[in-house]
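Below is one structure, written out as structure tokens; comments come after it.
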Amino acid sequence: MSLNINSLLIHGGIDGDYATGAVNVPIYQTSTYKQDGLGEDRGWEYSRTGNPTRAALEKLIAELEHGKYGLAFASGLAAISTVLSSFKAKDKLIVSDNIYGGSFRILDNVFKNFDLSYEIVDTSDIKAVENALTSEVKAVYIESPANPLLTITDIKAVADIAHKKGKKVIVDNTFLTPYLQRPLTLGADIVVHSGTKYLGGHSDVVSGFIVVNDKKLADRLYYLQNAIGGVLGPFDSFLMIRGIKTLGVRMDRHIENAKEIANHLVDHEAVKKVYYPGLENAKGYEINKKQADGPGAMISFELKEGYDVKRFFKSVKLITLAESLGGVESLVCHPASMTHAAIPKEIRDEVGITEGLIRLSVGIEDVNDIIRDLDDAIAFSKE
Ligand SMILES: Cc1ncc(COP(=O)(O)O)c(C=O)c1O
């Protein structure tokens, strides 16, 4: 029976335990498996190569992303580095001009040493992407909405021009999750995730995913997953399955709160600029509406002259000053010195990741409490 997303979140992948009838997938906390004779394993050999709890989660994420093959990793960056390891020296990637600082760092400080180069392009500008697709380019790497400026890239338009020239498209779908956006259905070849964020949803697991449709690509990525070994453990796989069950209800509430907060910030006398793809006048609003089922719940904003961001961060109370995002609790961060500090200042300035930028991950608390906390912190930040 084909299931709609809200049922798939709960019953997708492997639904419970066939052996005992337990309604939850058990935690197979084992590193290895008994073999009945030489060459006679029961489908499992060693937990880096495969583990039943992880396999259930991998099947679930593949189904949610409308993909055929899913792979689970110990972090988003373990997933991303496994994808990057599928390229060769002298290959080049085009990357969105604002992406998570750690994704930039691994390209700039790790893979560049192995002669995998990259070029930063404003991927919301399709002409700019087209012009950048030279012969050595093998793939375009997109975040949409991008971290931290929530820039929207037309995934289908990029996939169409990239495929015409034989290039692959990789989409980091962390900010929207498959509940809201399914990049493979828009033409992307590879989807990656930091599962640490909305998919897990409770700020208690670090995890990552890759999902693809192509068998040859999947075989190569499985090979690399096993060869490199950054796999997700059984207990964390269990926690991810548990978190994903409530993704739909959480996302609905996250978005409801975020819309109200974004509008409140737009009207606030102390706020200079608000970045949120759910605002009708946001650049990319129409494209996001076309390719996704909602704008997500990440908001970035800047305060006007005369307000001190340091004082703002010092005085939030309900909202927690912390790295990460996507949990049930509201988190706030300073991208320039925290999540995006690995990006050189010249690039940050050029892209718009200013010293005054504040990134808010809107939680699912009572929206009036979040707004009150924001207002109090803004009032306190007045110099
Ligand atoms: C969009 C995005 N992609 C990838 C990552 C990296 O994921 P992880 O921290 O799980 O390694 C992050 C982390 O913040 C992120 O925001």
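The values are calculated or read from the model by the stated rules, or taken from the named source; none is laboratory data. Model, not experiment: these values are computed from the prediction. FYI the Cβ positions are ideal-geometry reconstructions off the backbone, even for glycines, and counts take in every protein chain you see.
In segment 72-121, which residues are β-branched (Val, Ile, Thr), surrounded by fewer than 20 Cβ atoms within 10 Å (Cβ to Cβ) and assigned to a helix (DSSP H, G or I)? Within segment 72-121, just 106 meets the criteria. In the set 277, 344, which member is within 15 Å of the ligand (Cβ to nearest atom) and either at pLDDT below 95 or within 21 Å of residue 182 (Cα to Cα) (or both)? Result of the check over 277, 344: 277.
Rundown of residues vs (1) outside any helix (DSSP H, G or I); (2) at pLDDT 95 or above; (3) not small (Gly, Ala, Ser), yes/no style:
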residue: 1; (1), (2), (3): yes, no, yes
residue: 19; (1), (2), (3): yes, no, no
residue: 23; (1), (2), (3): yes, yes, yes
residue: 29; (1), (2), (3): yes, yes, yes
residue: 38; (1), (2), (3): yes, yes, yes
residue: 50; (1), (2), (3): yes, yes, no
residue: 55; (1), (2), (3): no, yes, no
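Pull out all pairs, ordered by first then second residue, where Cβ-Cβ is under 6 Å, the residues are six or more apart or on different chains, the first lies in segment 269-285 and is assigned by TED's automatic domain parsing to the domain that holds residue 352, and the second is part of a strand (DSSP E or B) and not β-branched (Val, Ile, Thr). Taking only residues 6 or more apart or on different chains, the pairs are 270/303; 270/307; 271/301; 272/302; 273/302; 274/301; 275/300. In this entry, residue 272 passes the filter for residues that are touching an Asp or Glu at 6+ places or on another chain (Cβ under 6 Å) and more than 23 Å from residue 56 (Cβ to Cβ).
Exactly one residue out of 241, 255 is out of contact with any Lys or Arg (no Cβ under 9 Å at 6 or more places or on another chain) and in the same structural domain as residue 25 (by TED's automatic domain parsing), and it is 241.
Residues of segment 197-206 that are farther than 16 Å from residue 81 by Cα, within 11 Å of the ligand (Cβ to nearest atom) and not aromatic (Phe, Trp, Tyr): 197, 199, 200, 205.
Considering segment 322-341, the residues that are among the small types (Gly, Ala, Ser) and away from the ligand (no atom under 14 Å from the Cβ) include one that is surrounded by the most Cβ atoms within 10 Å (Cβ to Cβ), namely 330.
Beta carbons closer than 6 Å, at least 6 apart along the sequence or on distinct chains, pair a first residue in segment 190-206 that is over 12 Å from residue 250 (Cα atoms) with a second that is more than 10 Å from the ligand (Cβ to nearest atom) and assigned to a loop (DSSP other than H, G, I, E, B) for 191/65; 203/327.
In segment 354-382, the qualifying residues are those that are surrounded by fewer than 23 Cβ atoms within 10 Å (Cβ to Cβ) and closer than 15 Å to residue 275 by Cβ, and the one that is nearest to the chain's Cα centre (by Cα) is 357. Applying the condition of being among the hydroxyl-bearing types (Ser, Thr, Tyr) and more than 13 Å from the ligand (Cβ to nearest atom) to segment 176-186 and asking which residue is nearest to residue 139 (Cα to Cα) yields 185.
Within segment 349-370, one or more residues are within 15 Å of the ligand (Cβ to nearest atom), among the charged types (D, E, K, R) and touching a residue at least 12 places away in the same chain (Cβ under 8 Å).
Residues in segment 3-24 that are farther than 26 Å from residue 181 by Cα and either in contact with a His (Cβ under 8 Å, 6 or more places away or on another chain) or touching a residue at least 12 places away in the same chain (Cβ under 8 Å) (or both): 24 alone.
Looking across 173, 226, one residue alone is of a type in the set (S, T, N, Q), more than 16 Å from the ligand (Cβ to nearest atom) and in the same structural domain as residue 31 (by TED's automatic domain parsing). It is 226. Would you check if there is a residue in segment 301-321 being within 15 Å of the ligand (Cβ to nearest atom) and touching a residue at least 60 places away in the same chain (Cβ under 8 Å)? Within segment 301-321 (the criterion being within 15 Å of the ligand (Cβ to nearest atom) and touching a residue at least 60 places away in the same chain (Cβ under 8 Å)), the answer is no, since none of the residues qualifies. Under the condition of being without any contact (Cβ under 8 Å) to a residue 12 or more places away in the chain and either assigned by TED's automatic domain parsing to the domain that holds residue 336 or out of contact with any strand residue (DSSP E or B) (no Cβ under 9 Å at 6 or more places or on another chain) (or both), the residues counted in segment 100-134 number 3. Within segment 292-306, the set of residues being touching an Asp or Glu at 6+ places or on another chain (Cβ under 6 Å) and either within 11 Å of residue 277 (Cβ to Cβ) or part of a strand (DSSP E or B) (or both) is empty. Got at least one residue in segment 119-141 being away from the ligand (no atom under 14 Å from the Cβ), at pLDDT 95 or above and under 25 Å from residue 63 (Cα atoms)? Taking every residue of segment 119-141 in turn, at least one turns out to be away from the ligand (no atom under 14 Å from the Cβ), at pLDDT 95 or above and under 25 Å from residue 63 (Cα atoms).
Of the set (1) within 18 Å of residue 104 (Cα to Cα); (2) under 12 Å from the mean Cα position of the chain (by Cα), all apply to residue 190 but (2).
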